[in-house]
Amino acid sequence: MSKKLVNAIADMKEGEALKLVREMVEGGSDPMEILEAARKAMDIVGQRYEKGTYFLPELMLAGEMMNQITDIAKPELAKLPEVKRLGKVLIGTVAGDIHDIGKNIVAFMLDANGFEVLDLGVDVPAQKFVEAIGDFQPQVVGLSGFLTLAFDAMKETVEAIKAAGLRDGVKIMIGGGQVNETIQEYAGADAYGKDAMAGVSLAKKWVGAK
Ligand code: B12
């Protein structure tokens, strides 16, 4: 079933993909498995875009499908047992980057796992992060980015937080398509999370929750 879903999304068969997702949800499939299949399909779409067989309209349709699938899977994810508020996480997609599907999943999973989350949205200037840290007082800051351009924006954001004298009060995690440990080191972040659950684990570790 999930292989079929990967192919339907990657081949831009929107109706078929959404039908399959609904069938999987109704059949009791793990919502995380559905999201993983959709993520795999996004990789294929990305590769086809790179090769020049897909263009911007396909990227856009893929993004729309991903959002719709996340919306269908969300109520199922929300059935996870509710926990008491563990701490605060500030999250956003860094300046110059408007990819938000991965970030939205991370924000949603943090919320479902007991964190109070403030999502600043996309294309967020470093200074806006700095101001929000002052107002919201999070223990954890999450920076998301999918473009190579985002690596510099992440570094600039971390530096702005440092310059404002706020760096010691927060742990900073980064994530997004091409982000890895090397980028984490480059940006001066505390950790990199490969997916939403990795982000949840890091945040839990940092606030001292199990
Ligand atoms: C959908 C998509 C779009 C959509 C985005 C819609 C949206 N609302 O987000 C649209 C059409 C708008 C778009 C635009 C562009 N895109 Co685009 N896009 C994609 C695509 C196909 C999928 C991205 C995605 O959403 N994946 C699904 C999520 C769920 O992925 P995920 O990585 O598994 O997410 C997890 C982790 O990353 C992690 N995570 C994410 N954030 C964070 C944060 C923290 C703190 C933590 C811990 C974890 C974490 O948790 C997530 C959930 O588990 C990718 C290809 C790819 N495979 O990534 C290209 C891709 C990212 N895009 C690309 C490009 C080039 C562009 C454009 C420049 C195209 C253009 N010519 O205009 C523009 C950029 C506009 C801008 N300024 O940002 C390139 C980037 C190349 C590069 N090296 O920079 C890619 C890689 C495609 C490619 N192979 O060429 N895109």
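The values are calculated or read from the model by the stated rules, or taken from the named source; none is laboratory data. All values reported here derive from a predicted model rather than from experimental measurement. Cβ placement follows ideal geometry from the backbone for every residue including glycine, while neighbour counts extend to all protein chains displayed. To get the accessible areas, we keep the full protein, side chains included, count just its heavy atoms, and leave off ligands, DNA and RNA. Shrake-Rupley method; radii C 1.70, N 1.55, O 1.52, S 1.80 Å.
Determine whether PHE136 is aromatic (Phe, Trp, Tyr), open to solvent by 20 Å² or more (accessible area, probe 1.4 Å) and more than 15 Å from GLY175 (Cβ to Cβ). So that I can check it myself, show each step before the final result.
On the way: aromatic (Phe, Trp, Tyr): yes; open to solvent by 20 Å² or more (accessible area, probe 1.4 Å): yes; more than 15 Å from GLY175 (Cβ to Cβ): yes.
The answer is yes for PHE136.
Near the ligand (Cβ under 10 Å from one of its atoms), open to solvent by 60 Å² or more (accessible area, probe 1.4 Å) and not hydrophobic (A, V, I, L, M, F, W, C): which single residue out of GLU50, GLU58 fits that description? Talk me through it step by step, then tell me what you get.
Numbers: GLU58 fails: open to solvent by 60 Å² or more (accessible area, probe 1.4 Å).
Within the list GLU50, GLU58, the selection yields GLU50.
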In the stretch 139-166, residue farthest from the ligand (Cβ to nearest atom) [restricted to those that are surrounded by fewer than 24 Cβ atoms within 10 Å (Cβ to Cβ) and in a loop (DSSP other than H, G, I, E, B)]: GLY165
Subset of the stretch 109-138, residues farther than 23 Å from ASN180 by Cβ, in a helix (DSSP H, G or I) and under 16 Å from the mean Cα position of the chain (by Cα), comes to ASP111, ALA112
Can you tell me which residue is nearest to GLY92 (Cα to Cα) among those in the stretch 171-181 that are part of a loop (DSSP other than H, G, I, E, B) and free of Cβ contacts under 8 Å to residues at least 60 places away in the same chain? VAL179
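Here is a yes/no grid of residues against (1) in a helix (DSSP H, G or I); (2) at pLDDT 95 or above:
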{"site": "ALA17", "(1), (2)": "yes, yes"}
{"site": "SER29", "(1), (2)": "no, no"}
{"site": "GLU33", "(1), (2)": "yes, no"}
{"site": "GLU36", "(1), (2)": "yes, no"}
{"site": "LYS40", "(1), (2)": "yes, no"}
{"site": "PRO75", "(1), (2)": "yes, no"}
{"site": "LEU80", "(1), (2)": "no, no"}
{"site": "VAL89", "(1), (2)": "no, yes"}
Determine if the stretch 111-124 includes at least one residue that is open to solvent by less than 60 Å² (accessible area, probe 1.4 Å), out of contact with any Asp or Glu (no Cβ under 8 Å at 6 or more places or on another chain) and either near the ligand (Cβ under 8 Å from one of its atoms) or among the charged types (D, E, K, R) (or both). no
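In contact (Cβ under 8 Å) with a residue 40 or more places away in the chain, among the aliphatic types (A, V, I, L, M) and either loosely packed, with under 15 Cβ neighbours inside 10 Å or touching a Phe, Trp or Tyr at 6+ places or on another chain (Cβ under 9 Å) (or both): which single residue out of VAL89, VAL21, VAL25 fits that description? Break it down stepwise before answering.
On the way: VAL21 fails: either loosely packed, with under 15 Cβ neighbours inside 10 Å or touching a Phe, Trp or Tyr at 6+ places or on another chain (Cβ under 9 Å) (or both); VAL25 fails: either loosely packed, with under 15 Cβ neighbours inside 10 Å or touching a Phe, Trp or Tyr at 6+ places or on another chain (Cβ under 9 Å) (or both).
The match here is VAL89.
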